[in-house]
């Protein structure tokens, strides 16, 4: 019997328009520098942000954890920002998610309510990028969705990216669930599906916000869905 369901966050619960987060970081860092009369060339800022982004992508692909704070430190070093301005730049960079309107997956609220009504415990397992777990919980709370979750595996808090077992284990431990009695829902085969399956969890790949999924080949999920309205039925089927 399935007792718990964990969800990926990005492209499973929510997403942002392409380029929106990068633009928010650029605006925020520019404003932070200007507030302290620090001049930073626009071209240098764009290059520095792109470099930090590439560093994260390489680390994520290699499974080598890069904490958001490390990325912020790299950015301020590249920009040569010091003193009080440095602190504001770090805050603007890490908090840019507050300035972007998230697009939540259609039907995610009713889906979570239906799962909770069936007595299932819900958690999140997420590779956070530069928006840490604390910020993502804040954004979920603003949408009224935080109340549904009681277990977390955010990479900045665990120190591992999916498919490492530790990040799934952190959420399952908080939920009080064994892997064999849990399902993970996510959009990527390499991280979500392979990681959860290796731990002994059942898996669901959600394509509603990322129809292409991974470009790479990989193990397919036990169920593949395009609509969160289909999830409760899939959970019941996988519980049999």
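The values are calculated or read from the model by the stated rules, or taken from the named source; none is laboratory data. The structure displayed is predicted, hence computed values, not measured ones. Here Cβ is always computed from backbone atoms with ideal geometry, including for glycine, and neighbour counts include all displayed protein chains.
Observations, loosely collected:
- Qualifying residue in region 68-83 (condition: closer than 18 Å to residue 153 by Cα, surrounded by fewer than 16 Cβ atoms within 10 Å (Cβ to Cβ) and touching a helix residue (DSSP H, G or I) at 6+ places or on another chain (Cβ under 8 Å)): yes
- Yes/no for residue 133 being in contact with a strand residue (DSSP E or B) (Cβ under 7 Å, 6 or more places away or on another chain) and surrounded by 22 or more Cβ atoms within 10 Å (Cβ to Cβ): no
- Residue list for region 50-81, filter: under 12 Å from residue 32 (Cα atoms) and without any contact (Cβ under 8 Å) to a residue 40 or more places away in the chain: 76
- Residue in region 206-219 that is at pLDDT 95 or above, under 18 Å from residue 116 (Cα atoms) and surrounded by 20 or more Cβ atoms within 10 Å (Cβ to Cβ) present: no
- Within region 203-219, at least one residue is under 12 Å from residue 5 (Cα atoms), in contact (Cβ under 8 Å) with a residue 24 or more places away in the chain and not assigned by TED's automatic domain parsing to the domain that holds residue 57.
- Taken together, the residues in region 220-240 that are closer than 18 Å to residue 112 by Cβ and part of a helix (DSSP H, G or I) amount to 11.
- Identity of the residue in region 1-24, in contact (Cβ under 8 Å) with a residue 24 or more places away in the chain and more than 17 Å from the chain's Cα centre (by Cα), that ends up surrounded by the most Cβ atoms within 10 Å (Cβ to Cβ): 4
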